[in-house]
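Before any comments, here is the structure.
The values are calculated or read from the model by the stated rules, or taken from the named source; none is laboratory data. Being a predicted model, the structure only gives us computed values, none of them experimental. Cβ placement follows ideal geometry from the backbone for every residue including glycine, while neighbour counts extend to all protein chains displayed. In case anyone asks, the SASA skips ligands and DNA or RNA and just uses the protein heavy atoms, side chains included. Shrake-Rupley method; radii C 1.70, N 1.55, O 1.52, S 1.80 Å.
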Amino acid sequence: MIRNSELDTSIDPLPLGRTSGLSLFLRKLIKQKTLVFMSVPFLIWLFVFKYVPLWGWTIAFQNYKPAKSFNDQTWVGFKQFNFMFSDDRFLTVLRNTLAMSSINFVLGFVTAITLAILLNELKGIIFKRVVQTVSYLPHFISWVVAATIVQSTLDVDGGILNKILLGSGLISENVFWLGEGKYFWGIIGSTEVWKNVGWNTIIYLAALTTIDPAQYEAAEIDGAGRFQRIWHVTLPGIRPVIIILIILNIGQIMETGFEPQYLLGNGTNIDYSENLEIFILKYGMKLGNFSLSTAAGIFKTVISVVLLFSANHLAKRMGQDRLF
């Protein structure tokens, strides 16, 4: 049984006087020893499954052959990285990754925040619950099923989108949406919004509940309209959450996912659908070039870490909330 004294962080077993450096760190550690002991299993898990595998990064600097032992591998330095950055295919893949990430980033934030604010403004509880449920459901559909629905919707022969556009006179003949690369990034962005917008609103709706209703009442007394209350009360109220999520998402700008691009991609749109994840799979699993695929993975991780720290530092410089 945990004693209350162990949870009481107000107890200071060390004498006061030195409040900085190692002394301060040890005092905080002793104060929170119960939490520290509870964190040990998770730290062990983190070390074993997240940091120990980093040893495999050495493959990127070898001409790796699975049949050879570690000592028998041929070390090639940065050869894989030099080849990767001089490969036109990798540069195309990098372009596709950044384009799809940027589209998903902007659409994801704008649609989720807008839907959360609209739901917050609704007065009818039943209608609000129905809208929330309908918007959450696509998140639980597997990407295999979701991709099938998208392919049926965009089918060149009998797809509902072509029928609607032909019926409204916006197009004169059926369009092969998944056969022309210029449409692919928009299709991925729209599909991500349809599948995840409801789920992404949950955290914003939770943040909206923390806003003091007295602020809305004061704004209304001052003559503020609905949009003015949203602009001057709602958005500032959820700004810390928005900033934190922006930082986290900037750190994942190189992660565009795998399933939607793989399932919706085909030979006619491959120049726009292939991203870093598919590139790594192709070279690592299909072609057996584990060294090049590992080099691509290292590049993606390093860029993500740099972007995360840069975004966090920028938020700090601007006086905004940040991760650390």
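Can you give me the C-alpha center-to-center distance between segment 124-167 and segment 203-244, rounded to a whole angstrom?
31 Å
Out of the GluC sites (Glu not before Pro) in segment 100-186, which ones are loop residues according to DSSP with at most 14 other C-beta atoms within 10 Å?
Details: sites: Glu121, Glu173, Glu180; in loops: Glu173, Glu180.
Sparse-neighbourhood loop GluC sites (Glu not before Pro): Glu173, Glu180.
Quick one: how many Å² of Asp157 are accessible to a 1.4 Å probe, rounded to 10?
Its heavy atoms expose roughly 110 Å² to the probe.
Give, in whole angstrom and from largest to smallest, the semi-axes √(5λ) of the equivalent ellipsoid of segment 33-103, with λ running over the eigenvalues of the Cα gyration tensor.
Three semi-axes, in Å: 34, 24, 8.
In whole percent, how big is the carbon plus sulfur part of the accessible area of segment 95-154, probe 1.4 Å, protein atoms only?
77 percent
If the limit is 21 Å between Cα atoms, which of Lys50/Lys195; Lys50/Lys286; Lys79/Lys282; Lys50/Lys300; Lys65/Lys282; Lys182/Lys300 go over it?
The pairs that break the limit, which is 21 Å between Cα atoms, are Lys50/Lys195; Lys50/Lys286; Lys182/Lys300.
Rolling a 1.4 angstrom probe over the protein heavy atoms, how many square angstrom per residue are accessible across segment 182-324?
Using a 1.4 Å probe on heavy atoms only, each residue of segment 182-324 averages 53 Å².
Run the paramagnetic zone check for Trp55: 7 angstrom along Cα to Cβ, then residues of segment 294-324 with backbone nitrogen under 17 Å.
none
Taking the chain as a Gaussian network, where each spring joins two C-alpha atoms under 10 Å apart, which residue of Leu263, Leu178, Leu118 fluctuates the most?
Its mean-square fluctuation being the largest, the pick is Leu118.
Tell me the trypsin sites (Lys or Arg not before Pro) within segment 84-142 that lie in a loop according to DSSP and have at most 10 other beta-carbon atoms within 10 Å.
In loop regions of segment 84-142 (DSSP not H, G, I, E or B), the sparsely surrounded trypsin sites (Lys or Arg not before Pro) are Lys123.
Which of Phe42, Phe227, Phe258 moves most in a GNM of the chain, Cα contacts under 10 Å?
So, out of Phe42, Phe227, Phe258, the one fluctuating most is Phe42.
Name the long-range amide H neighbours of Gln62: under 5 Å, sequence gap of 5 or more, or other chain; modelled H, no Pro or chain starts.
Excluding prolines and chain starts, which carry no amide H, the hits are Val76.
Using every Cα-Cα pair within segment 161-290, state what percent have a distance larger than 16 Å.
76 percent
Could you pull the Cα extents of segment 19-68 along its three principal axes, largest to smallest, in whole Å?
Answer, in whole Å and largest first: 54, 23, 11 Å.
Accessible area per residue of segment 57-146 at 1.4 Å probe, in Å²?
Value for segment 57-146: 59 Å² per residue.
For a quick check, take a GNM of the chain with Cα springs below 10 Å and name the residue from Phe90, Phe279, Phe140 with the largest mean-square fluctuation.
Phe140
Could you state, as a whole-number percent, how many of the C-alpha pairs of segment 234-324 are farther apart than 16 Å? It would help to have the intermediate numbers written out before the result.
Details: 2624 of 4095 pairs.
Cα-Cα pairs of segment 234-324 separated by over 16 Å account for 64 percent.
Indicate the helices, whole DSSP H runs only, in the chain that combine a mean Kyte-Doolittle hydropathy of 0.0 or more with a Cα extent along their long axis of 24 angstrom or more.
Once both thresholds are applied, what remains is 88-121, 184-208, 290-317.
Of all alpha-carbon pairs in the chain, indicate the percentage at a distance above 32 angstrom.
Details: 27125 of 52326 pairs.
Counting pairs separated by more than 32 Å, the tail of P(r) holds 52 percent.
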